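Engineer: Can you read through this structure? Questions will come right after.
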């Protein structure tokens, strides 16, 4: 079994060479040995390999006498919510999120909403799985004891509970589901609201024929930006493959960054109650810093990643946390993240203010940034140390990768936890500074790189 699939806060690898049905069966048994659950629920995304891996994981639990519920095709935020809202000791979603079609993986949650990950649990599970020699052909007979549950109706009612739906004004919204699982979920949600829904790529298709379900990359929201302007819509929404992340497009076709979304939602939350504690990952921009200062709020930086953030949500008794990557966490959602809840929160905010999305965002667009840029490098530590030496005159922070701050710009580089890449983020006070600094940084990293893997 390939040890590299056991990452900081999930399991993820290429199917079938790094992670296949045989591995999944062993991992199911290993999760059982590690957590000793009595009840487990398993869902899956739309990837072509997901059904086979889904069955194998369930078989691993069933063969050890565990009660298993099959939730079918689900979003990861649905499965994390179900770990708190339903009577399950463990929930798992079979998914590789935004990764290319040939990837597959697992995201694991404990009863009460906590993630399995962030404290070395995933690696421990991998060690147990590696020692399991017991193998059995995976067939439908093994799954006869499986229960069935459709989470969607109760999930939608939970999402709606975050707003007063009677105060939501009419909107025209274009949703790009990226051929992931978000299409049926969004369709069900907006039937309950005064929304004219324009659907894009709603049919779940694990081939991802239109674009990768990774909306943080500008090329993957190009179609949505055009459609929003063509339809004269109020906004666009783009979800990733397992529907737990969202990126918005304003009515002018402009991309709303994760930092802008975090600042906007955080500002409204702190306006309602300035005593709420809030969290943000280190890569969030100066606009988030400004919102915290505006409210004189208690805010804490957190490491990037669901496992780390959920642990900090509990530790800090935080009400909300935002990541630049499009993850938004809510205390009233068992500290779990949900792009859908964040999106509906924005609808309520716009209804309250009676303004367009771009007008509301103007306050949070005082700075400029590059899209997160990925580089394949042979030695991420070597590049990070080289950058620390080159930019040693700046204010250096090692909290999450390497962050270096100057008066007119800052940058962060950190290794990905689920891909073999180094991620670069840069923000500046104006476009000229951004262009100059990001060009120099990119060229420097590229000198160590095999190829830039995407922007």
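Residue by residue, here is whether (1) more than 29 Å from residue 99 (Cα to Cα); (2) surrounded by 15 or more Cβ atoms within 10 Å (Cβ to Cβ); (3) within 24 Å of the chain's Cα centre (by Cα) holds:
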residue: 371; (1), (2), (3): no, yes, yes
residue: 382; (1), (2), (3): no, no, no
residue: 389; (1), (2), (3): yes, no, no
residue: 399; (1), (2), (3): no, no, yes
residue: 402; (1), (2), (3): no, yes, yes
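Engineer: Surrounded by fewer than 24 Cβ atoms within 10 Å (Cβ to Cβ), in a strand (DSSP E or B) and either assigned by TED's automatic domain parsing to the domain that holds residue 104 or in contact (Cβ under 8 Å) with a residue 12 or more places away in the chain (or both): which single residue out of 203, 196, 188 fits that description?
Structural biologist: That would be 196, the only listed residue that is surrounded by fewer than 24 Cβ atoms within 10 Å (Cβ to Cβ), in a strand (DSSP E or B) and either assigned by TED's automatic domain parsing to the domain that holds residue 104 or in contact (Cβ under 8 Å) with a residue 12 or more places away in the chain (or both).
Residue-wise test of (1) under 30 Å from residue 175 (Cα atoms); (2) at pLDDT 95 or above.
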| residue | (1), (2) |
| --- | --- |
| 356 | yes, yes |
| 367 | yes, yes |
| 376 | no, no |
| 396 | no, yes |
| 416 | yes, no |
| 429 | no, yes |
| 438 | no, yes |
| 453 | yes, no |
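Engineer: Given the conditions (1) out of contact with any strand residue (DSSP E or B) (no Cβ under 8 Å at 6 or more places or on another chain); (2) over 23 Å from residue 215 (Cβ atoms), report the number of the one that residue 268 does not fulfil.
Structural biologist: Every condition holds for residue 268 apart from (2).
Engineer: If you take the residues in the range 165-177 that are in contact with a helix residue (DSSP H, G or I) (Cβ under 7 Å, 6 or more places away or on another chain) and assigned to a loop (DSSP other than H, G, I, E, B), which one is surrounded by the most Cβ atoms within 10 Å (Cβ to Cβ)?
Structural biologist: The selected residue is 177.
Engineer: Then there is this: How many residues does the range 259-290 contain that are touching a helix residue (DSSP H, G or I) at 6+ places or on another chain (Cβ under 9 Å), farther than 23 Å from residue 163 by Cβ and part of a loop (DSSP other than H, G, I, E, B)?
Structural biologist: 3
Yes/no per residue for (1) closer than 30 Å to residue 72 by Cβ; (2) buried (at least 24 other Cβ atoms within 10 Å of the Cβ):
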{"site": "237", "(1), (2)": "yes, yes"}
{"site": "250", "(1), (2)": "no, no"}
{"site": "268", "(1), (2)": "no, no"}
{"site": "284", "(1), (2)": "no, yes"}
{"site": "288", "(1), (2)": "no, yes"}
{"site": "300", "(1), (2)": "no, no"}
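Engineer: Moving on. How many of the residues making up the range 213-258 are in a helix (DSSP H, G or I) and touching a residue at least 40 places away in the same chain (Cβ under 8 Å)?
Structural biologist: Total meeting the criteria: 10.
Engineer: Out of 362, 405, which single residue is within 30 Å of residue 172 (Cβ to Cβ) and free of Cβ contacts under 8 Å to residues at least 24 places away in the same chain?
Structural biologist: None of the other options fit; the residue is 362.
Engineer: Here is a list of conditions, (1) in a helix (DSSP H, G or I); (2) more than 15 Å from the chain's Cα centre (by Cα), and residue 87 meets all of them except one; can you say which number that is?
Structural biologist: Tallying (1) in a helix (DSSP H, G or I); (2) more than 15 Å from the chain's Cα centre (by Cα), residue 87 fails exactly one: (1).
Engineer: Would you please name the residue that is surrounded by the fewest Cβ atoms within 10 Å (Cβ to Cβ), looking only at residues in the range 42-69 that are assigned to a loop (DSSP other than H, G, I, E, B) and touching a residue at least 60 places away in the same chain (Cβ under 8 Å)?
Structural biologist: Here the residue is 48.
The values are calculated or read from the model by the stated rules, or taken from the named source; none is laboratory data. Keep in mind it's a predicted model, so treat the numbers as computed, not measured. A quick note on method: Cβ atoms are made from the backbone with ideal geometry, for glycine too, and the neighbour counts reach across all protein chains shown.
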